[in-house]
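Notes follow once the structure below has been shown.
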Amino acid sequence: MSSTPLKVAVTGAAGQIGYSLLFRLASGSLLGDRPIELRLLEITPALKALEGVVMELDDCAFPNLAGVEIGDDAETIFDGVNLALLVGARPRGPGMERGDLLSANGAIFTAQGKALNKVAADDVRIGVTGNPANTNALIAMSNAPDIPQERFSALTRLDHNRAISQLAAKTGAAVTDIKKMTIWGNHSATQYPDVFHAEIGGRNAAEVVGDQDWVENTFIPTVAKRGAAIIEARGSSSAASAASATVDAARDWLHGTPEGDWVSMAVVSDGSYGVPEGLISSFPVTTKNGDWSIVQGLEIDDFSRARIDASTAELADERAAVTELGLI
Ligand code: NAD
Ligand code: LMR
């Protein structure tokens, strides 16, 4: 393992997710014993709060935290970063859909895409958590023409983890027995969590469940609307689980997926499974050496087809909206 620190940028570092994410990163959840250098970006009014968070990071005396830099200038903070976790964006409140955040948050990702294009390391990987995550990733990607498109992804790992957890609770299986879960489409209420290709203890998950009504009327809406349920219950959006999923996604991207399993990542479509080319849509992917590939050859029945199409149609509408706003 390399002993050179990996330079990891986190935006919105003084926010709710940041307060969990930074400590997970610094304690080794992403890189184990490899040293990590944190580069933390915030808006100017949040820098004082961020200083307090950094004092707490110091106070943990993490053995593998090789340095922390904070600031409000994207080009300075992103300079030479190998991984950029773009979290900073306004969260939705009760009654809003994530797409309502497009105009409020889109502009953040034009500026950050441009800055990454200019100063990030050649091997940079960029994970977008801030909502609406898929289209924000599209905006960042479109504003960074020199960074290969496959270096951008948006977070649907939280949905993936939620789906595994719901399935485990329903069947009594351990979460570790559930493989090949897929989230298709947008990180929104139209997303399609797919049990038909998932496995529980090596058997087809839909067959193990044996209850189409539950899949259609309980499982899918529970996973797709989980973010709203948390906002309703907590009064603010998911934070620790979002941070945990952000770490899971980055770790698997950098270190690879295990044999016989895959993960869900929203990545640029090459037209696979009829998803319009160029959209950032969630797919089943395997990863190796920091690169992902979309799992090919899955049979898509009419039930799944209709749901994938509905979610990707929403992504196409979001792309049209940000094109209209001049963001891409
Ligand atoms: P938060 O409001 O607590 O924190 C956001 C932080 O971003 C704030 O500190 C703010 O100052 C900062 N910020 C705003 N503009 C910035 C900019 N231009 N550069 C750098 N920092 C900036 O919100 P949160 O709860 O941490 O959530 C952050 C985002 O993540 C929201 O958009 C939320 O909806 C999203 N989210 C996504 C998922 C997912 O699964 N994809 C899950 C949970 C939350
Ligand atoms: C989530 O899925 O919890 C986040 O995207 C926050 C939200 O707005 O739902």
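The values are calculated or read from the model by the stated rules, or taken from the named source; none is laboratory data. Bear in mind that the values here come from a model prediction, so they are computed numbers and not experimental data. Here the Cβ is made from the backbone with ideal geometry for all residues, glycine too, and neighbour counts use every protein chain on show. Only protein heavy atoms, including side chains, enter the accessible area calculation; ligands, DNA and RNA are left aside. Shrake-Rupley method; radii C 1.70, N 1.55, O 1.52, S 1.80 Å.
Against the definition (open to solvent by less than 20 Å² (accessible area, probe 1.4 Å), in a helix (DSSP H, G or I) and away from ligand 2 (no atom under 16 Å from the Cβ)), how does Ala250 come out, yes or no? First the steps, then the outcome.
On the way: open to solvent by less than 20 Å² (accessible area, probe 1.4 Å): yes; in a helix (DSSP H, G or I): yes; away from ligand 2 (no atom under 16 Å from the Cβ): yes.
In short, yes.
Inspection of the range 227-244 identifies at least one residue that is assigned by the TED database to the domain that holds Pro193 and closer than 26 Å to Ala320 by Cα.
For the range 87-105, state whether one or more residues are modelled with pLDDT of 90 or more, within 22 Å of Gly290 (Cβ to Cβ) and either within 16 Å of ligand 2 (Cβ to nearest atom) or among the aliphatic types (A, V, I, L, M) (or both). Yes: one or more hits. Looking only at the range 128-150, residues that are surrounded by fewer than 24 Cβ atoms within 10 Å (Cβ to Cβ) and either touching a helix residue (DSSP H, G or I) at 6+ places or on another chain (Cβ under 7 Å) or in a helix (DSSP H, G or I) (or both) come to 7 in all.
Considering only residues in the range 231-247 that are among the aliphatic types (A, V, I, L, M) and assigned to a helix (DSSP H, G or I), the one that is farthest from Leu298 (Cα to Cα) turns out to be Ala233. Screening the range 102-122 for residues that are in contact (Cβ under 8 Å) with a residue 40 or more places away in the chain, within 16 Å of ligand 1 (Cβ to nearest atom) and of a type in the set (Gly, Ala, Ser) and picking the one that is surrounded by the fewest Cβ atoms within 10 Å (Cβ to Cβ) gives Ser103. Take the conditions (1) within 27 Å of Ser29 (Cα to Cα); (2) part of a helix (DSSP H, G or I); His187 misses just one of them, which is (2).
Can you name the helices (runs of 4 or more DSSP H) wholly within the range 1-115 that have at least 1 residues being under 17 Å from Asn131 (Cα atoms)?
Values: elements: 16-26, 47-60, 74-77.
Per the criteria, 16-26.
Let's see how each residue does on (1) surrounded by fewer than 18 Cβ atoms within 10 Å (Cβ to Cβ); (2) within 14 Å of ligand 2 (Cβ to nearest atom); (3) closer than 18 Å to Ser165 by Cβ; (4) touching a residue at least 40 places away in the same chain (Cβ under 8 Å):
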residue	(1), (2), (3), (4)
Arg203	yes, no, no, no
Trp214	yes, no, yes, yes
Phe219	no, no, yes, yes
Ser236	yes, yes, no, yes
Ala239	no, yes, yes, yes
Ala242	no, yes, yes, yes
Asp261	yes, no, yes, yes
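Under the condition of being of a type in the set (Val, Ile, Thr) and part of a helix (DSSP H, G or I), which residue from the range 272-328 is farthest from Pro221 (Cα to Cα)? Ranking the qualifying residues of the range 272-328, first place goes to Thr323.
Residue-by-condition table, conditions (1) in contact (Cβ under 8 Å) with a residue 24 or more places away in the chain; (2) under 19 Å from Gln112 (Cα atoms); (3) surrounded by fewer than 17 Cβ atoms within 10 Å (Cβ to Cβ):
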{"site": "Leu25", "(1), (2), (3)": "yes, no, no"}
{"site": "Leu30", "(1), (2), (3)": "yes, no, no"}
{"site": "Asp33", "(1), (2), (3)": "yes, no, yes"}
{"site": "Leu38", "(1), (2), (3)": "yes, yes, no"}
{"site": "Leu41", "(1), (2), (3)": "yes, yes, no"}
{"site": "Ala49", "(1), (2), (3)": "yes, no, yes"}
{"site": "Met55", "(1), (2), (3)": "no, no, yes"}
{"site": "Asp58", "(1), (2), (3)": "no, no, yes"}
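Restricting Arg125, Arg90 to residues that are within 21 Å of Ser264 (Cα to Cα), out of contact with any Asp or Glu (no Cβ under 7 Å at 6 or more places or on another chain) and either open to solvent by 10 Å² or more (accessible area, probe 1.4 Å) or within 14 Å of ligand 1 (Cβ to nearest atom) (or both) narrows the list to Arg125.
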